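Read the structure below first, then the notes.
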């Protein structure tokens, strides 16, 4: 309609597990839509393109749907415009973006569209994400956000153990890596990796994380990711909560390649391993946060005491 080729000034940026190249069975595609036009252009053309992509990908048909697309990581979430210009993002980053949005952008990766627009956008993203003055107030806020996530979204007391958001869940290692990247990514661009395990490997290569601790963290992470995938295959949903019934837990254990026919034995073996891996994961997360609070720059005594209490 505008006379411009569809992808000339437009790109799609993957976020979350799509950005990290970590898609699992049943994963949503977290995306944001970006265009590069003069400010007087209101983006109507690109909004139509974005809506069409959303519809073609997510709309249910007689054959099902390709992927569920989630665009809530854009500025203002569901209340915001579907597509925004690079200039609009830059203004938002400088004036209104919150710390959780800075953290989320650690995983931003251009997945489709114009390479030039993607390059320009990612330059703005990196300027926003990786800053010299990462404050300890931000570290405190992120750690508290993880606590709220565990209680309010994990809801383990009500729904049962949550592989992703609960105690020692996948989010622990994701948050640990993202915090380290926020703190060190400005001075060391090699650490700017959207994939959690690749980022871990880069910290090891830079001599910033001990190899043995990284190996244990990776073992815990991979166990939980396999378990998450098995859960979704069984439930055919994006559920991350372990079932409470012994029969269902045994079925899950079999899908995880646990050997044996006795239901109770399978269940006990799975739960024992789950406890081991989540306890180790939480210990690693706490150790990472604690070390940063004690050794990093720009921390006041009051901030340290507040965070460690």
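The values are calculated or read from the model by the stated rules, or taken from the named source; none is laboratory data. Not measured: the values here are computed from a predicted model. Cβ sites come from the backbone with ideal geometry, for glycine too, and all protein chains shown count toward neighbours.
Could you tell me whether residue 197 is within 26 Å of residue 124 (Cβ to Cβ), in a helix (DSSP H, G or I) and in the same structural domain as residue 293 (by TED's automatic domain parsing)? Give the derivation first.
On the way: within 26 Å of residue 124 (Cβ to Cβ): no; in a helix (DSSP H, G or I): yes; in the same structural domain as residue 293 (by TED's automatic domain parsing): yes.
No, not satisfied.
The residue of region 254-277 that is surrounded by the fewest Cβ atoms within 10 Å (Cβ to Cβ), among those that are touching a helix residue (DSSP H, G or I) at 6+ places or on another chain (Cβ under 7 Å) and not in a helix (DSSP H, G or I), is 260. For region 229-253, the tally of residues that are surrounded by 17 or more Cβ atoms within 10 Å (Cβ to Cβ) and farther than 19 Å from residue 169 by Cα stands at 2.
If I filter region 118-131 for residues that are closer than 21 Å to residue 287 by Cα and within 16 Å of the chain's Cα centre (by Cα), do I get at least one hit? Taking every residue of region 118-131 in turn, none turns out to be closer than 21 Å to residue 287 by Cα and within 16 Å of the chain's Cα centre (by Cα). Residues that are part of a loop (DSSP other than H, G, I, E, B) and surrounded by fewer than 23 Cβ atoms within 10 Å (Cβ to Cβ) within region 135-166 comprise 135, 155, 160, 161, 164, 165, listed in sequence order. Return a yes/no flag: does region 167-177 have any residue that is surrounded by 20 or more Cβ atoms within 10 Å (Cβ to Cβ) and over 21 Å from residue 18 (Cα atoms). Among the residues of region 167-177, at least one is surrounded by 20 or more Cβ atoms within 10 Å (Cβ to Cβ) and over 21 Å from residue 18 (Cα atoms), which makes the answer yes. Among the candidates 297, 243, which residue alone is outside any helix (DSSP H, G or I) and either under 23 Å from residue 157 (Cα atoms) or modelled with pLDDT of 95 or more (or both)? That would be 243, the only listed residue that is outside any helix (DSSP H, G or I) and either under 23 Å from residue 157 (Cα atoms) or modelled with pLDDT of 95 or more (or both). All of 62, 85, 58 fail the test of being assigned by TED's automatic domain parsing to the domain that holds residue 122, without any contact (Cβ under 8 Å) to a residue 12 or more places away in the chain and touching a strand residue (DSSP E or B) at 6+ places or on another chain (Cβ under 7 Å), apart from 58.
Kindly establish whether residue 24 is crowded, with 21+ Cβ neighbours inside 10 Å and modelled with pLDDT under 95.
Numbers: crowded, with 21+ Cβ neighbours inside 10 Å: no; modelled with pLDDT under 95: yes.
Considered against the rule, which asks whether it is crowded, with 21+ Cβ neighbours inside 10 Å and modelled with pLDDT under 95, residue 24 comes out as no.
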